[in-house]
Amino acid sequence: MPSMNPELLASWSYSQNQAPEDETILRARQRAQDLGVSCIDPGGRAMLELLCALREPQNVVDIGAGVGVAAISILRSLGELGTLTAIEPDRERATALREGLRDAGLLAARARVITERAENVLGRLADHAYDLVLLDTGSAELLDLVVEAKRLIGPRGVIVINNAYDEHRVAKPAVRRETTVAMRDAMRLLREDPKLRAHLFPSEQGLFVASAFAR
């Protein structure tokens, strides 16, 4: 939580508490805790749901899906024909993800869970076939994944990066960790693309959103 004066801190806490979560999401979070997995924070999850409601994506890719907190939220926000491709290389996490989807009553036909490294999967996905790509990987290869994400989205597609603060290291210039440098480079690449509009939204972990727009 950022260091703030009392008035700003109160407003920050108030806004973060405006994202209540039901039992299905709380059980998914418990699975994440049991496995020692970090997942999208409540404020970021609520912003992601709102983004889906506004843009109405039909085909979504979730890279680094973990136990499925974001995946469940996305699928709930899509129409009945919406589909999700969730990429999670860790088998334990992928099993927990499938359990969460079943717990949420989401049809298996709407969610494809791929237990492989994203670098090995994205090249097989079709160009411009997706409306939203979520990246939540904390990977030193993030820049390469963002390049792939740009290829995947359609003319009004959206790229979302969760944990854009990289555990609150991004804002510290002296930090040169591989993941931190990759996050800075990835956000810069998206900001400088003239076909995108991008902004880093303040949530507990940081949610970076880049949206294509029709000319």
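The values are calculated or read from the model by the stated rules, or taken from the named source; none is laboratory data. Owing to the predicted nature of the structure, the values given are computational and were not obtained by experimental measurement. Here the Cβ positions follow ideal geometry from the backbone for every residue, glycine too, while neighbour counts run over all protein chains shown. Heavy atoms of the whole protein, side chains included, go into the accessibility calculation; ligands, DNA and RNA do not. Shrake-Rupley method; radii C 1.70, N 1.55, O 1.52, S 1.80 Å.
Remark: the chain carries 51 Å² of accessible area per residue (probe radius 1.4 Å; ligands, DNA and RNA excluded). Here the stretch 81-155 and the stretch 31-69 have alpha carbon centers that stand 11 Å from each other. The simple spin-label model puts a point 7 Å past each Cα toward its Cβ; for ARG156 and GLU119 those points are separated by 3.6 nm. Rounded to the nearest 20 debye, the dipole size of the chain about its Cα centre is 460 debye, using +1 on the Cβ of Lys and Arg and -1 on the Cβ of Asp and Glu. Looking at the chain, the DSSP beta bridges with both ends there are about 40 percent antiparallel. Of the solvent-accessible surface of the stretch 1-138, computed with a 1.4 Å probe over protein heavy atoms with every protein chain present, carbon and sulfur atoms account for 51 percent.
Would you mind classifying the stretch 80-136 by shape? Square roots of the alpha carbon gyration tensor eigenvalues, ordered a ≥ b ≥ c; an a/c under 1.5 is rounded, otherwise it is prolate if a/b is larger than b/c and oblate if not. In terms of gyration-tensor shape, oblate.
Taking only C-alpha pairs under 8 Å that are 6+ residues apart, what is the relative contact order of the chain in percent? Intermediate values should be presented prior to the final figure.
On the way: 373 pairs, mean separation 37.6, N = 215.
After rounding, I find 17 percent.
Computed about the Cα centre, the dipole magnitude for the stretch 88-127 is approximately 160 debye when only Lys and Arg (+1) and Asp and Glu (-1) carry charge, each at its Cβ. Can you classify the chain as rounded, prolate or oblate using the Cα gyration tensor, where a ≥ b ≥ c are the square roots of its eigenvalues, rounded means a/c under 1.5, and otherwise it's prolate if a/b beats b/c and oblate if not? Rounded, since a/c falls under 1.5. Cα gyration tensor of the stretch 1-104, axes a ≥ b ≥ c as square roots of the eigenvalues: rounded (a/c below 1.5), prolate (a/b > b/c) or oblate? Since a/c reaches 1.5 but b/c is at least a/b, the shape of the stretch 1-104 is classed as oblate.
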